[in-house]
Amino acid sequence: MGEMRLVVIGAGLIGTSIALAVRAKGGQVWLADRDPASLRLAVELGAGVPLPDAGLDEPAVLAVIAVPPAAVAATLLDAQKRGLARAYTDVASVKARPLLAAAELGCDLSTFVAGHPLAGRERSGPAAAQADLFLGRPWAMCPAGSSPEAVAAVTELAGICGANPLTMDALEHDKAVAVVSHGPHVVSAAVAARLADAEDTALGLAGQGVRDVTRIAASDPALWIGILTANAEPVADVLDGVAGDLALAAAMLRASVESPAIAEVASGKIDELLRRGNTGRGRIPGKHGGRAREYAVVAVVIPDRPGELARLFDAGRAAGVNIEDVSIEHSPGLPLGLAELSVRPEEAERLTAELRTRGWSVP
């Protein structure tokens, strides 16, 4: 299609990240946002130039509607009336309701492809944007009467951003993200809410487990209210299932204390839940797609000072071992932490030997 000429309406995390990715590949980008400060920052970051009030002399290849789900339809209609682009897409994480609203408003759905790049961060706004945010990530497209030209334009954009485009039905998409994103977010928030009134003694014992479970709970509540209400029924179904499992686990734990005679039955029920959890976790695709690999974990005590991670990775290079993943659990009050390096099982011993030779403390 030649050079990508893109309009981005909504200079938040996703919109600005898309703009940065297109600019990095030599494309032209015009930006618009209701918040002058967000627009100004996105421009300063090099994401593009402000969209003139009068529009463009020649329509862009594509316009990205990067606004909350409830605002997609009205924003799309306005952009189409202004003739901003030859094709349009959105990035909202809910598809069915915005599509229905767009049809009811009379939007031209032949030039529109409902889209959702499945990437994000806990932080929001243009300051958190990254040109590589979508690398290797799925980019769902839900055409509903979309022309082949519109689908091709969005597919090209996904490719420019380094994402993997895939086509699916809007309702199928909404049910899927309820399971893998929207429902888990509410569950994470519910766990984190338990910490709001927790004693300082308990918080002082917080380790990597609770940090992992509550990480996404740090996201902007205003953003998530819009997402959850737009996908209300599928999310409610997921939460009902989780609530049922938790209620049963709580009942079994209480019963095991009140009646030791049924402790074995209670333990069996809880064991079943934990094993289902193991199964579900194991079904999440690995970093290369497909079935997740089993890795060995090499734990290393690492000082909290500049350059230590580089030294750690250099040991992996010297040992000829690819470090597949890394996590660091910090020691409260101490200038060190425990780095956990995930490697292929057959390489763990070789990496451990190299680390010890270099003076690292490997428990």
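Observations on the model:
- Pairs, first more than 19 Å from Gln28 (Cβ to Cβ) in segment 142-163, second part of a helix (DSSP H, G or I) and of a type in the set (Gly, Ala, Ser), C-beta under 6 Å, six or more apart: Cys142/Ala170; Gly145/Ser110; Ser147/Ser110
- Scanning segment 107-125 for residues being over 13 Å from the mean Cα position of the chain (by Cα) and at pLDDT 95 or above gives a total of 9.
- Residues in segment 204-218 that are assigned to a helix (DSSP H, G or I) and surrounded by fewer than 16 Cβ atoms within 10 Å (Cβ to Cβ): Gln208, Gly209, Arg211, Asp212, Val213, Arg215, Ala218.
- Contacts under 6 angstrom Cβ, first residue in segment 12-24 being on the phi < 0 side of the Ramachandran plot and surrounded by 23 or more Cβ atoms within 10 Å (Cβ to Cβ), partner in a helix (DSSP H, G or I) and not aliphatic (A, V, I, L, M), 6 or more apart: Thr16/Pro126
- Residue in segment 72-94 that is farther than 25 Å from Arg23 by Cα and assigned to a loop (DSSP other than H, G, I, E, B) present: yes
- The single condition from (1) under 16 Å from the mean Cα position of the chain (by Cα); (2) in contact (Cβ under 8 Å) with a residue 60 or more places away in the chain that Val186 fails is (2).
- Residue in segment 316-338 that is exposed (fewer than 15 other Cβ atoms within 10 Å of the Cβ), out of contact with any strand residue (DSSP E or B) (no Cβ under 8 Å at 6 or more places or on another chain), farther than 30 Å from Val191 by Cα and in contact (Cβ under 8 Å) with a residue 24 or more places away in the chain present: yes
The values are calculated or read from the model by the stated rules, or taken from the named source; none is laboratory data. Just so it is clear, the model here is predicted, and its values are computed rather than measured. Cβ atoms come from the backbone with ideal geometry, glycine included; neighbour counts cover every protein chain shown.
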